[in-house]
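The structure under discussion appears below in the form of C-alpha cells.
The values are calculated or read from the model by the stated rules, or taken from the named source; none is laboratory data. Every value quoted in this text rests on a predicted model; they were computed, and no experiment measured them. Virtual Cβ from ideal backbone geometry, glycine too; neighbours counted across all protein chains shown.
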C-alpha cells in the first residue's frame, strides 16, 4: 500500500493531482474544507480506478484540526503516508497598505503553518530509506509543496499571500536538508492554469497569452511535474515553475535595450 495525502483535493489542481496519484497506484486521503461534495466525487472516481480513497474534512486555519489531519489520514488508509501534497491555499488580495492582521493570519496559517505541521507529522512517522541496486539510499517519502511562480519574480501585489508562499518555498529547501535521505521535499510553482473566481475570461486569456511562451499551463502540465518528482530519486529541494515562463517575462528597465 502506498498512501498519499492531498490537501484541497476536492477541486481544481488538488483534484487533478489526487486523480493522478491514484493512476500511479497510490491510495489517496482527500482533504477538503468546504468542498466535501466535490471531494466525495473525486473519491468515487478514485475507487472506480481500483484504489482506496477517503475524504477528510478539516479547517486548516484551525491548528487543532490541522494537527489531527495527518494521523486521521494514516488511520483512514491503514498505513503510513509516503506522498504528501500541500496544495490547499488561500489567495486573497491585499497590499502593504491594506493588509490586516486577519489577512496576514489567514495566509500564514493556510499557506505556511499548515504545510509546516503536516511536514512535521510526516517526518515523525519513522519512515526508513531503502537501497537501490547500487546500494545507494532511496528516500521513503516525498513532499510536494504547491508554491507559486511569483516567488521567482516578486511584486508588491498580494502582499501577505506572497510572503506566505515565500515562506513555503523556504520550508521546501530547509526541510529537504533536514529530512534527507528519508524524505525528499520539492515544490511546484504554477502560473496561469485555471481561471480564478475573480477573473474574467478575457483577463485570464490575456494573462496566459502574455507569458513568454504565449501559453499558460494546463492541469496535465502540473501533474506531469508531480510525476517527475515521483520518478526522480536524486531530486530534492527544487522548485519547478509550470507557468509558460511567466516568471521570466516581466519587462524591467535593465532589459529595455538601447533607444
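Within the range 130-146, does at least one residue satisfy the condition of being more than 27 Å from residue 232 (Cβ to Cβ) and outside any helix (DSSP H, G or I)? Within the range 130-146, not a single residue is more than 27 Å from residue 232 (Cβ to Cβ) and outside any helix (DSSP H, G or I). Restricting attention to the range 1-29, the residues being closer than 18 Å to residue 65 by Cα and out of contact with any helix residue (DSSP H, G or I) (no Cβ under 6 Å at 6 or more places or on another chain) number 1.
Of all the numbered requirements in (1) in a helix (DSSP H, G or I); (2) over 25 Å from residue 162 (Cβ atoms); (3) touching a helix residue (DSSP H, G or I) at 6+ places or on another chain (Cβ under 9 Å), residue 110 misses one, and that requirement is (2). Candidates in the range 160-172 are the residues that are more than 24 Å from residue 244 (Cβ to Cβ) and in contact (Cβ under 8 Å) with a residue 12 or more places away in the chain; of these, the one that is farthest from the chain's Cα centre (by Cα) is 160.
Within the range 187-197, is there a residue that is over 15 Å from the mean Cα position of the chain (by Cα) and more than 22 Å from residue 85 (Cα to Cα)? There is at least one residue in the range 187-197 that is over 15 Å from the mean Cα position of the chain (by Cα) and more than 22 Å from residue 85 (Cα to Cα). Only residues that are in contact with a strand residue (DSSP E or B) (Cβ under 9 Å, 6 or more places away or on another chain) and exposed (fewer than 11 other Cβ atoms within 10 Å of the Cβ) were counted in the range 124-148, giving 3.
Would you call residue 62 surrounded by fewer than 18 Cβ atoms within 10 Å (Cβ to Cβ), at negative phi and either under 17 Å from the mean Cα position of the chain (by Cα) or free of Cβ contacts under 8 Å to residues at least 12 places away in the same chain (or both)? So residue 62 passes the test.
As for the range 211-222, it holds no residue that is closer than 21 Å to residue 108 by Cα, modelled with pLDDT of 85 or more, in contact with a helix residue (DSSP H, G or I) (Cβ under 8 Å, 6 or more places away or on another chain) and surrounded by 14 or more Cβ atoms within 10 Å (Cβ to Cβ). Against the condition within 19 Å of the chain's Cα centre (by Cα) and farther than 25 Å from residue 231 by Cα, how does residue 102 come out, does it pass? It is false that residue 102 is within 19 Å of the chain's Cα centre (by Cα) and farther than 25 Å from residue 231 by Cα.
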